[in-house]
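To start, the structure itself, in structure tokens.
The values are calculated or read from the model by the stated rules, or taken from the named source; none is laboratory data. The model shown is predicted, which means the values in this text are computed figures rather than measured ones. Neighbour counts are summed over all protein chains in view; Cβ atoms, including those assigned to glycine, are modelled from backbone coordinates with ideal geometry.
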Amino acid sequence: MSDERKGTTMRTLLSVILLAALSASAYAQDEGHLNVRTVVQKEQVTVNETGEVKTELVAGDTFVPGEKVVYTITFRNISEEPAENVVITNPISGELMYVDGSAFGPGTDIQFSVDGGQTFANSNELTVTEGGVTRPAGAGDFTHIRWVMQQDLAAGAQGVARFSAILE
Amino acid sequence: MGKTRASGSAAVRRRCWHIAAGCLALLVSAEAFAVGTPVGTVIQNTATVDFDLAGTPITLQSNTTIVTVAERIDVVVTPQSPQTLVAANDTNRALLFTVTNTGNGSETFSLAIESVLAGDDFDPVPSVTPIYFDTDGSGDLTVGDQPYTAGNNDPVLAADASVDVFIVNDIPGTVVNGNTGLSQLTATSLTGTGTPGTEYAGDGDGGVDAIIGTTGGEGSDTGEYLVSDVVISVIKAQAVSDPQGGTQPEPGATITYTITVEVTSAGTATASEIRDPLPTFTSLVANSITLNAAGISDAIDADAGEYDTTGAATVVVRLGDLTQADGVQTIIFEVTID
């Protein structure tokens, strides 16, 4: 158990126990007073009797090349202080191709990296140099996404960050 | 084309005969297929959160999600010889195909031939052993090629791997010149087939799920036999005359080429054309081309030929539809040695 965890209140500990009891797979971390959880899902398209097309996200742990993988990160401030300068960072695995425009995060500025997460910028500001030729970066160049919260995350508040990628 | 005899550098181009589609197919057959991430690959994802709490910077990691890459089953059959020229009563005539595993895992395929198809003039008759592997890679059916027996030597192909396969038919005796007969090769995944997205739980490599891809787990394509009993004889001769009145092939000497073309069998050679590239360091004597003693201008125009210098300098003479009744066609032209 970390030093930080020793400082948590009984209420925080209780909430962790409750979450663990709700779902064995819902692994949550609270050491820093933020509960961060990521899930992976796939799109399921169904057509009902009236021909209405409905796309919903369903649990998925196996994918085939060409399929869309949707990652959703939720984070909740379970401390009694506002969390400041909150930044969510997620790598894009080499087998995945980011779906242009799919990154989503209310109240965040979304930035990308093309250098393994060392530097970040808005997607239209990034360039890639190959063989001495510099060109604008494309979805296939992105190695990381980050969501920079524009305001503090108040105590008890929750945020969400999401992106999609195609399994190559 | 085994029945065409040619000598010298003259060549008979049978302008795709009746089937323009056969030419187009050649252009698009080299399509490449990406296979994708190998089956069984595990992709882990962990998000990181950085923030300040009461002035203290803190970094946290989320749980790690795990995605396992399932097997996608896809197969494509590509004809390598879209059209084969045959004669009535030919036996064991082969059509070559490539079977490619375009999925992302190892897969076993069964092979099948079908020769009763719509859209042709006759039904080829599958030979006693109708499917062979091009074991020696020669592109022709030879004694070293292994016969295929379903359930015995079904090809096992790794992701993106391919195998060349012949389907073999006999040609009925009733066919006539210009008839076409189609024959089809089908490769079917032994794990299963179905509409794209159909899932075979646990049937993929290493026990992962197998999912049918866009090809439905089955690939097929057809090749065509074209009956062409026409035998054409092409003979090229040359005579040199040097400026001294001798026959030495020296600079300044003139070479007179004589190409004789003759259909020596029944049938019609449609849209026959002779294209004869000039040897290097020679020049055509202007307006020296003749066909059956009638002059043909060098210009590219409406007459039966030209001196085409858009690419390699070539003498072109169009003979049109030729039959045995047309007799010997004689083309003569002169060049000088530079």
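Residues in the range B:146-159: is at least one touching a residue at least 40 places away in the same chain (Cβ under 8 Å), under 30 Å from B:T41 (Cβ atoms) and not in a loop (DSSP other than H, G, I, E, B)? There is at least one residue in the range B:146-159 that is touching a residue at least 40 places away in the same chain (Cβ under 8 Å), under 30 Å from B:T41 (Cβ atoms) and not in a loop (DSSP other than H, G, I, E, B). On the basis of being charged (D, E, K, R) and within 14 Å of another protein chain (Cβ to nearest Cβ), does B:D205 make the cut? So B:D205 passes the test. No other residue among A:V69, A:V99 is buried (at least 19 other Cβ atoms within 10 Å of the Cβ), closer than 30 Å to B:T215 by Cβ and either out of contact with any Leu (no Cβ under 7 Å at 6 or more places or on another chain) or hydrophobic (A, V, I, L, M, F, W, C) (or both) apart from A:V69. Might you let me know whether the range B:185-199 holds any residue that is within 30 Å of B:A88 (Cα to Cα) and of a type outside the set (S, T, N, Q)? The answer is yes; a qualifying residue exists. Among the residues making up the range A:32-61, those that are among the polar types (S, T, N, Q), more than 9 Å from chain B (Cβ to nearest Cβ) and closer than 29 Å to B:V208 by Cα are A:Q41, A:Q44, A:T46, A:T55. Of the strands (runs of 3 or more DSSP E) lying entirely inside the range A:117-168, those containing at least 1 residues that are among the β-branched types (V, I, T) and in contact (Cβ under 8 Å) with a residue 60 or more places away in the chain are A:144-149, A:158-167. Report, by residue number, each residue of the range B:260-284 that is small (G, A, S) and either surrounded by 15 or more Cβ atoms within 10 Å (Cβ to Cβ) or modelled with pLDDT of 90 or more (or both). If the condition is that a residue be small (G, A, S) and either surrounded by 15 or more Cβ atoms within 10 Å (Cβ to Cβ) or modelled with pLDDT of 90 or more (or both), then B:S265, B:G267, B:A269, B:A271, B:S272, B:S283 are the ones that fit.
When B:N89 is tested against (1) touching a residue at least 24 places away in the same chain (Cβ under 8 Å); (2) more than 14 Å from every other protein chain (Cβ to nearest Cβ); (3) outside any loop (DSSP other than H, G, I, E, B), exactly one condition is not met: (3).
Looking at A:V64, A:V99 in this structure, which one is within 11 Å of another protein chain (Cβ to nearest Cβ) and within 26 Å of B:T41 (Cα to Cα)?
Details: A:V99 fails: within 11 Å of another protein chain (Cβ to nearest Cβ).
Testing whether each residue is within 11 Å of another protein chain (Cβ to nearest Cβ) and within 26 Å of B:T41 (Cα to Cα) leaves just A:V64.
Listed by position, the strands (runs of 3 or more DSSP E) inside the range B:162-218 whose residues that are closer than 30 Å to B:V143 by Cβ number at least 1 are B:162-170, B:180-189.
Scanning the range B:62-74 for residues that are within 7 Å of another protein chain (Cβ to nearest Cβ) and out of contact with any Asp or Glu (no Cβ under 7 Å at 6 or more places or on another chain) yields B:S62, B:N63, B:T65, B:V69, B:R72. Within the range B:44-60, the set of residues being in a loop (DSSP other than H, G, I, E, B) and either more than 7 Å from chain A (Cβ to nearest Cβ) or in contact with a Leu (Cβ under 9 Å, 6 or more places away or on another chain) (or both) comprises just one member, B:G55. When the residues of the range B:224-237 are filtered to those that are in contact with a Ser or Thr (Cβ under 6 Å, 6 or more places away or on another chain) and more than 30 Å from B:Y257 (Cα to Cα), the one that is surrounded by the most Cβ atoms within 10 Å (Cβ to Cβ) is B:Y225. In the set (1) surrounded by 16 or more Cβ atoms within 10 Å (Cβ to Cβ); (2) within 21 Å of the chain's Cα centre (by Cα), the condition left unmet by B:S127 is number (2).
Scan the range A:77-84 and tell me whether some residue there is over 27 Å from B:D74 (Cβ atoms) and away from chain B (no Cβ under 12 Å).
The initial filter retains those residues of the range A:77-84 that are over 27 Å from B:D74 (Cβ atoms), namely A:77-84.
When the remaining residues are screened for being away from chain B (no Cβ under 12 Å), the result is none.
Scanning the range A:77-84, I find no residue that is over 27 Å from B:D74 (Cβ atoms) and away from chain B (no Cβ under 12 Å), so the answer is no.
Which ones in the range B:317-331 are crowded, with 18+ Cβ neighbours inside 10 Å and hydrophobic (A, V, I, L, M, F, W, C)? Across the range B:317-331, the qualifying residues are B:V317, B:L319, B:L322, B:I331.
B:Y257 falls short on exactly one of the conditions (1) within 28 Å of the chain's Cα centre (by Cα); (2) under 14 Å from B:V234 (Cβ atoms); (3) surrounded by 18 or more Cβ atoms within 10 Å (Cβ to Cβ), and that condition is (1). Right, A:T127: more than 9 Å from chain B (Cβ to nearest Cβ), more than 30 Å from B:D74 (Cα to Cα) and surrounded by fewer than 20 Cβ atoms within 10 Å (Cβ to Cβ) or not? When the stated conditions are applied, A:T127 passes them.
Among the residues of the range A:45-69, which ones are among the charged types (D, E, K, R), over 14 Å from A:M97 (Cα atoms) and either without any contact (Cβ under 8 Å) to a residue 12 or more places away in the chain or assigned to a strand (DSSP E or B) (or both)? Reasoning before the result, please.
Residues of the range A:45-69 that are among the charged types (D, E, K, R), as a first pass: A:49, A:52, A:54, A:56, A:61, A:67-68.
Filter once more, keeping what is over 14 Å from A:M97 (Cα atoms): A:49, A:52, A:54, A:56, A:61.
Correct list: A:E49, A:E52, A:K54, A:E56.
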